[in-house]
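As structure tokens, the structure follows; a few thoughts come after it.
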Amino acid sequence: MKLKAQISIVLCVLSLILSGCYSMVENRTPRTVPQNSSNIYPIAIKVHSAKVKVADDSYKAAIVIDGKRYDMVKNGRTSFSFDYEPDVPRHRAAYYFDIDYLLGGYWKTYTSRVYELNIINRYAVGFECNRGRPYAQISLLGRGFAEGDRVELSGIPCETEFISPNVLTFTVPLIGGGQCYRAVLGSENGNIGLGDFFVDALRINVEPNSISLRSGERQFVTVSIDVDAPEFGLPLEITTDIPGSIIMHGVAIRSGERSANAVIAGGQPGTGTLFIGAPGFEECGIPVTVYGEGGEDSPMGDISALTDEFNLLD
């Protein structure tokens with residue numbers, strides 16, 4: 001019985017050796033690959049041996065896909081490749097490898113685990129350019145686009161137009177400029193990350209570019225932008241570091257227009273800056289000097305005739 005037990009142990013060890021447990025496969029094939037027009041997908045492996053010395057030049061490899069066995073091309077002593085060309089278009093394929101090698105004068109076979117190759121026919125190559133200012137139209141290039149696909153910038157939806165399965169265009173919304181947003185392509189087929197998109201700030205122009213007036217006087221200023229104001233108009237954010245010296249009503253540029261007139265009135269004497277901004281626009285600073293009422297040092301003439309026009313704007 002003791003001899004039979006020893007023989008059993010030896011047989012078990014030989015079985016392990018013959019099963020190829022001393023070899024392993026490093027699959028160098030990506031799990032996911034984009035579909036290409038040639039419909040050919042390279043699969044590559046490198047074979048490693050462990051614990052037992054195997055002659056490298058004895059290795060042979062085959063790949064089994066859908067039950068069909070194909071010999072792989074030997075590219076090096078332990079490297080192999082195979083160009084997989086499906087008979088019909090498909091999205092995934094399961095496969096495994098058989099590795100034959102010579103050990104101790106005997107041919108042995110190691111069978112790898114099963115792998116999966118995913119062939120995607122929908123992906124984004126990238127933006128035509130990865131920055132733009134609000135209202136700019138940007139192209140997105142890729143494959144497998146469909147009606148209903150949409151681009152979002154940090155969760156903010158963009159007006160997106162389907163051009164073809166390879167091209168989408170989207171309009172940068174009126175959002176804060178001078179910063180990066182995380183871009184995503186969203187659809188019913190799942191979301192695709194597009195990387196960062198930098199939004200440049202629009203500029204606000206003011207005429208005149210500096211203001212001097214006496215206390216109690218009023219002066220027209222024109223605020224303009226380089227794009228049409230959005231559907232609900234563009235309220236302007238007006239602040240100043242001399243609140244006691246400047247009297248000014250709220251100003252908004254009407255929908256579809258590019259400018260608005262406003263009136264500024266002089267309050268207490270002082271020198272400072274009038275700041276005008278809006279979402280998506282770079283803040284504009286206008287130097288303001290308010291002189292004492294009737295002061296001879298004022299370079300401005302009497303412009304009290306603007307009073308009636310000012311009242312009309314109210």
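The values are calculated or read from the model by the stated rules, or taken from the named source; none is laboratory data. Just so we're clear, the structure is a prediction, and the values are computed from it rather than from any experiment. All Cβ positions, glycine included, derive from the backbone under ideal geometry; neighbour counts span all protein chains shown. To get the accessible areas, we keep the full protein, side chains included, count just its heavy atoms, and leave off ligands, DNA and RNA. Shrake-Rupley method; radii C 1.70, N 1.55, O 1.52, S 1.80 Å.
If the segment from VAL125 to ASP200 were pulled out straight at 0.36 nm per residue, it would be longer than the present Cα-Cα gap by 24.8 nm. Near the amide H of PHE198, within less than 5 Å, lie the amide hydrogens of ARG131, GLY132, TYR181, all on another chain or at least 5 residues away, with H placed in the peptide plane. Surface composition of segment 67-181: carbon plus sulfur atoms hold 49% of the accessible area, using a 1.4 angstrom probe and ignoring ligands, DNA and RNA. Quarter the surface of the alpha carbon convex hull of segment 107-177 and you get the mean projected area, 7.9 square nanometres. Size descriptor for segment 186-266, Kirkwood hydrodynamic radius: 15.5 Å (Cα pairs only, one decimal). Of the three principal axes defined by the Cα atoms of segment 236-295, the extents in descending order read 42, 19, 13 Å. Spin-label model, ASN191 to ARG77: label points 7 Å out along the Cα-to-beta-carbon direction sit 4.9 nm apart.
Net charge near GLY277: determine it from the other residues with C-beta under 12 Å of the C-beta of GLY277, scoring Lys and Arg +1 and Asp and Glu -1. Could the numbers behind the result be given before it?
Details: positive: ARG203; negative: GLU237, GLU282, GLU283.
Its environment carries a net charge of -2.
D by Stokes-Einstein for segment 142-293, Kirkwood Rh over Cα pairs, 25 °C, 0.890 mPa s: 137 µm²/s. Could you state the number of Å between the C-alpha centres of segment 215-267 and segment 135-184? Taking the Cα centre of segment 215-267 as reference, the centre of segment 135-184 is 32 Å away.
Stick to the Cα atoms of segment 64-206, pair each with every other, and give me the Kirkwood hydrodynamic radius in Å at one decimal. Walk me through the intermediate numbers first.
Values: mean 1/r = 0.0526 Å⁻¹.
The answer is 19.0 Å.
Taking other residues whose beta carbon is less than 14 angstrom from the beta carbon of PRO30, and scoring Lys, Arg as +1 and Asp, Glu as -1, yields +1. Accessible surface computed residue by residue for segment 77-176, with neighbouring protein chains in place and a 1.4 Å probe, gives 53 Å² per residue. Net charge in the neighbourhood of ILE40 (other residues with Cβ under 14 Å of its Cβ; Lys, Arg +1, Asp, Glu -1) is -2. Values of log10 I(q)/I(0) for segment 108-147 across q = 0.18, 0.25, 0.27 Å⁻¹ run -0.69, -0.93, -0.98, by the Debye formula with one identical scatterer at each alpha carbon and no solvent.
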